[in-house]
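Coordinate-derived values only; no laboratory data. If you're wondering where the values come from, they're calculated on a predicted model, not measured in any experiment. Note that each Cβ is placed from the backbone with ideal geometry, even for glycine, and that neighbours are counted across all protein chains shown.
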Amino acid sequence: MFAMLLPMVALLWHAPGEIFGDVRLGEKYLPELPVELKCGDESVKGATDKAGSFRLSSRTGGKCELIVSYDKQTLSIQVVVFSKPAQYRLQIEKKADSYSLKRV
């Protein structure tokens, strides 16, 4: 019996984490924007859809970095990835000639 439970426990222990959300500049949601989730040595790349939404899954959890590429600049913010999906609504703000990424 124990031998049968061990693989199931291992699967639960290494459950993938997921984040989802959207990226906007002011009131405009940004479509087809490159996004990347870095958790330790793992890197997952994706892009926002036509509505500016994204969904990224990682096999690694904990503190991670979400990276967004916009207007030839790389913007990042720390996120937490764990077994339950977490929502991140992000806004890009322009200050002088540079941009910053914030959670709203």
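Per residue, the average separation of C-alpha pairs within less than 8 Å and at least 6 apart gives the chain a relative contact order of 28 percent. Working note: 222 nm ellipticity from helices only, DSSP H runs with n ≥ 4, each -39,500 (n - 2.57), summed and divided by the residues of the chain, gives -3500 deg cm²/dmol to the nearest 500.
In the chain, the sites counted are trypsin sites (Lys or Arg not before Pro) in DSSP loop states with at most 16 other Cβ atoms within 10 Å, and the longest stretch holding none of them, exclusive of the sites, is 1-49. Computing Cα Rg over 2.2 N^0.38 Å for the structure here picks out one of (i) 1.20; (ii) 2.09; (iii) 1.26, namely (iii).
Most simply put, the chain has about 80% antiparallel DSSP beta bridges, counting only bridges with both residues inside it.
Between Ala96 and Ser69, full extension at 0.36 nm per residue minus the direct alpha carbon distance yields a gain of 8.0 nm. Summing charges over all other residues whose Cβ lies under 14 Å from the Cβ of Ile19, with Lys and Arg as +1 and Asp and Glu as -1, gives +3.
Largest mean-square fluctuation among Glu36, Glu93, Glu65, in a Gaussian network model of the chain whose springs join Cα atoms under 10 Å apart, belongs to Glu93. Close amide H partners of Tyr88, meaning residues 5 or more places away or on another chain with modelled amide H under 5 Å apart, are Phe20, Gly21, Asp22. The 3J(HN,Hα) values that the Karplus relation (6.51, -1.76, 1.60; θ = phi - 60°) gives for the stretch 88-104 are, in residue order, 10, 9, 10, 10, 8, 10, 9, 10, 6, 9, 10, 10, 9, 10, 9, 8, 10 Hz. Gly and Pro appear as x.
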